[in-house]
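Report on one structure; see the data block that follows.
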Amino acid sequence: MSQDTELSPHRRRFLRQVITGSASLIAAMTLLPALGALLAPVFQRRQGRRVKLLLNSPEDVNSRAFVPARYEGQPPTAPGVFLKREADGQITALSARCTHAGCAVEWRGSERQFFCPCHQGRFDADGRNISGPPLRPLDRLSVEQDADGVFTIEEPHA
Ligand code: FES
């Protein structure tokens with residue numbers, strides 16, 4: 001090899017860094033989308049199917065006090081939902097499933113509390129746990145109402 005074609009150590013190091021950097025970039029561009037596709041389900045919130053909410057009476061749609069409702073397809077004894085229409089027209093929906101061990105809570109309007117008969121857990125009118133064994137509030141749920149006035153809600157997870 002002639003003297004003219006030999007690379008200086010500095011230039012050789014620079015070229016090695018360029019080649020290594022390019023190879024790393026290509027590897028990252030190839031692997032990151034695949035890694036993202038693999039991990040996406042882990043980070044996505046589990047989306048359940050939406051089901052109809054069954055009210056006891058059509059007037060319950062506008063109740064300013066909590067009224068019970070059931071998930072369509074669930075047994076009548078399964079914990080359902082408590083709904084009420086707020087002054088601004090929004091619907092507040094709280095799960096009737098106690099956050100301690102899953103019993104159905106009941107609304108005690110005179111005390112303005114939810115009461116769980118299983119272990120005497122109590123929640124205030126905003127669903128906050130206030131006494132007994134439950135360590136967290138009742139779940140706040142997202143209810144949608146279609147043009148026909150039908151409420152739907154995400155199906156509860158087993
Ligand atoms: S299940 Fe409700 S207090 Fe235990």
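Just so you know, all these numbers are worked out from the coordinates, no wet-lab data involved. Since this is a predicted model, take the numbers as computed values, not measurements. Here the Cβ is made from the backbone with ideal geometry for all residues, glycine too, and neighbour counts use every protein chain on show.
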statement: Per-residue Cβ contact counts at 10 Å, fewest first, order 146, 88, 124 as 88, 146, 124
field: the range 50-154 - charge dipole about Cα centre, Lys and Arg +1 at Cβ, Asp and Glu -1, debye rounded to 20
entry: 380
message: I'd like the FRET efficiency for residue 146 and residue 126, computed as 1/(1 + (r/R0)^6) with the beta carbon distance as r and R0 of 30 Å, rounded to 0.05.
response: 0.65
statement: Here the alpha-carbon Rg of the range 50-154 over 2.2 N^0.38 Å rounds to 1.02
task: Give the calculated FRET efficiency between residue 154 and residue 27 to the nearest 0.05, with a Förster radius of 41 Å applied to their Cβ-Cβ distance.
output: 0.55
- prompt: At what distance in nm do the modelled label points of residue 103 and residue 61 sit from each other, each positioned 7 Å from its Cα along Cα→Cβ?
  reply: 3.5
- prompt: By how many nm would the segment from residue 13 to residue 113 grow when fully extended, if each residue of separation counts as 0.36 nm and the alpha-carbon distance is taken off?
  reply: 28.7 nm
- prompt: Given 0.36 nm per residue, what is the gain on full extension from residue 50 to residue 6 after removing their alpha carbon distance, in nm?
  reply: 8.8 nm
field: Under-5 Å amide H pairs with residue 141, H placed in peptide plane, nonlocal only
entry: 93, 94, 95
